[in-house]
Amino acid sequence: MSEAELRGLGRTVIRTADVEDLVRRAASAPASPERHLSKRQRTVGAVVTESMRTVPAAAAYAKVDVGQAEELARQLSERTGSFVSLPVLLIKAVARRHAAHPLMFAALTDDGVVRESERAHVGVTMDAGRGLYTPVVHDAAELSGDRIADLLTGFRSKAFRGTFQAAELAGANIMVAPHTTEGMVLATPIVFPGQTCVISIGAVDDQVLLDAQGTPRTHRFVHLGLVYDHRVVNGRDAMALLKDVKEELEAPAALG
C-alpha cells in the first residue's frame, strides 16, 4: 500500500488494525480496467501511426494453389531437418523477384527520389506473445530454403525471449507478414515507413474443385495480400509481382 493511502486515514497514530483493514479493502476491490501499454507496444503504435499518416496505401490479392509448395516444404524438411514452411518459401519467392520488380524493394526519400536496393533483404513480422518484432532475412535470394527456415526458427526463439540484436532488426527493404493461424484467410498489413510494400500470407484453405474429367479434387489454397505505397507503385506493378510470386509458389522447384 502507498503512503498516500496511510495518510488518507487522517490519523496521527496508525494502528495494526488500520493497516489490516486497508489490506482487506485492497484485496476485495475490483481490478482496475486500465492497463499501461508496454514500451514495445507503444513503439509499434508509433510505427503504425506514422504509416497511416504518411503512406497512401492500396492493396491487391491473389489466390494461390500451394499443393506443390507444401509437398516441397515437406521434402525439404525431411531431407534437411529444418522446419520449412510456406512462409519460408514465400520469402524465397519474393526475394527471387527483386531484379524484376525493383520498385517493390525501394525507398522513397523526403525529396521525392526513389532509392532502389542492390539486394533483397526481407523483413518478417513475428509476434511470440512478447510484442511485435520484424527480424530481417538478409540477402534472402542467395539463401536456400532450409537456411531461411533455420533463421526463422532462431528468430521465433528470440522473439519469445526478447533477445534480438539491433542488426537483426535493421535493413529490410520489403516485408512478409505471415497470418497463418487456422481460419485466417485474408490479411491487410501496413506498409512500414521507409518501404514500398508488404506481402501477407493467410492460412491454407481446402477447396474441392472438379478436374477436367469432372472428378472432385481437393486443392490447397492460400491468399496473398500485397499492400503498396501508391506514390511509388501502381496497380499494374503490384499485380505483376503477385502474378510472379504466385507462379513461383505453384511451380516451386527453384525455391529449395
Total formal charge among the other residues, if their Cβ is under 15 angstrom from that of Pro193, Lys/Arg +1 and Asp/Glu -1: 0
Whole-angstrom gap from the range 30-101 to the range 189-231, using each part's C-alpha centre: 12
3J(HN,Hα) from dihedral phi, the range 133-149, Karplus parametrisation 6.51/-1.76/1.60, rounded to Hz, x for glycine, proline: 10, 9, x, 10, 8, 6, 6, 4, 5, 8, 9, 6, x, 5, 5, 4, 4
From the coordinates shown, P(r) over Cα pairs in 10 Å bins from 0, in percent corresponds to which of (i) 7, 31, 37, 20, 4, 0; (ii) 6, 25, 26, 19, 14, 9, 2, 0; (iii) 7, 26, 29, 15, 8, 7, 6, 2, 0, 0: (iii)
Residues of the chain: accessible area per residue with a 1.4 Å probe, Å²: 57
Heavy-atom accessible surface of the chain: percent carbon and sulfur, 1.4 Å: 52
Choice from Leu132, Leu224, Leu210 showing the highest fluctuation, given a GNM over the chain with Cα pairs closer than 10 Å: Leu210
Thr180 accessible area, assembled protein chains, probe 1.4 Å, Å²: 70
Candidates Arg147, Arg96, Arg35, ranked by Gaussian network fluctuation over the chain, Cα under 10 Å, top entry: Arg35
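The values are calculated or read from the model by the stated rules, or taken from the named source; none is laboratory data. Treat the numbers as computed from the prediction; the structure is a model and nothing was measured. Because the Cβ atoms are built from the backbone with ideal geometry, glycine has one as well, and the counts that use them run over all protein chains shown. Side chains are part of the model used for accessible areas, which takes the heavy atoms of the whole protein and leaves out ligands, DNA and RNA. Shrake-Rupley method; radii C 1.70, N 1.55, O 1.52, S 1.80 Å.
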